[in-house]
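The structure appears right after this line, and notes come after that.
The values are calculated or read from the model by the stated rules, or taken from the named source; none is laboratory data. Computed from a prediction, not measured in an experiment: that's the story for all the values here. Glycine also receives a Cβ, built like all others from the backbone with ideal geometry; neighbour counts cover every protein chain displayed.
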Amino acid sequence: MKNKSNKMKRRAHERVPSSMLVKFKGDKSVCYGIATNISEKGMCIKTGTCLPCDSQIRLQIPLKDTQLEVPAQVIRVETTGDFYDTMGVELLKPTKKYLKIVNSFKMDLKAV
């Protein structure tokens, strides 16, 4: 597994802080986490269950009356001590609705 000791590439999209609840499905498991930052093409998820790098997942973001589902791939995992607790994911097909969510977080950040 990769961790944060690898050199970070310069990000193509600005990351904005968030505390958005996400649910993700791997092959057989359903897990929960908090997206601590988001961008148009990815997010960082704090979770008790990290999946291996290159895992294909289905991210589910709860909305008022429904949930938004977006395909993603785990591109990085990080540790706190000896425990893997953070995943960096790349969104494979960000939807217009997801991009509106990111934009609303950016607008909220500018308003502060």
Problem set entry | Given (1) without any contact (Cβ under 8 Å) to a residue 60 or more places away in the chain; (2) farther than 15 Å from Val16 by Cα; (3) of a type outside the set (S, T, N, Q), index of the condition Glu78 fails | (1)
Seminar exercise, completed: So, first residue in a loop (DSSP other than H, G, I, E, B) in region 1-29, second residue modelled with pLDDT of 60 or more and among the aliphatic types (A, V, I, L, M), Cβ within less than 7 Å, six or more apart or across chains; the pairs are Met1/Val77; Lys2/Val77; Asn3/Val77; Arg15/Ile38; Gly26/Leu51; Gly26/Ile57
Exercise. Are any of the residues in region 59-74 closer than 22 Å to Met107 by Cβ, among the small types (Gly, Ala, Ser) and outside any loop (DSSP other than H, G, I, E, B)?
Worked result: no
For this session: Identify the residue in region 72-112 that is aromatic (Phe, Trp, Tyr) and surrounded by 15 or more Cβ atoms within 10 Å (Cβ to Cβ) and, among all such residues, is farthest from Tyr32 (Cα to Cα).
Result: Phe105
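Check region 36-49 and report whether any residue there is in a loop (DSSP other than H, G, I, E, B), surrounded by 12 or more Cβ atoms within 10 Å (Cβ to Cβ) and of a type in the set (Val, Ile, Thr).
Within region 36-49, the subset in a loop (DSSP other than H, G, I, E, B) is 39-41, 48-49.
Imposing the further condition that a residue be surrounded by 12 or more Cβ atoms within 10 Å (Cβ to Cβ) reduces the set to 39-41, 49.
The next check asks that each one be of a type in the set (Val, Ile, Thr); those that pass are 49.
Yes, region 36-49 has at least one match.
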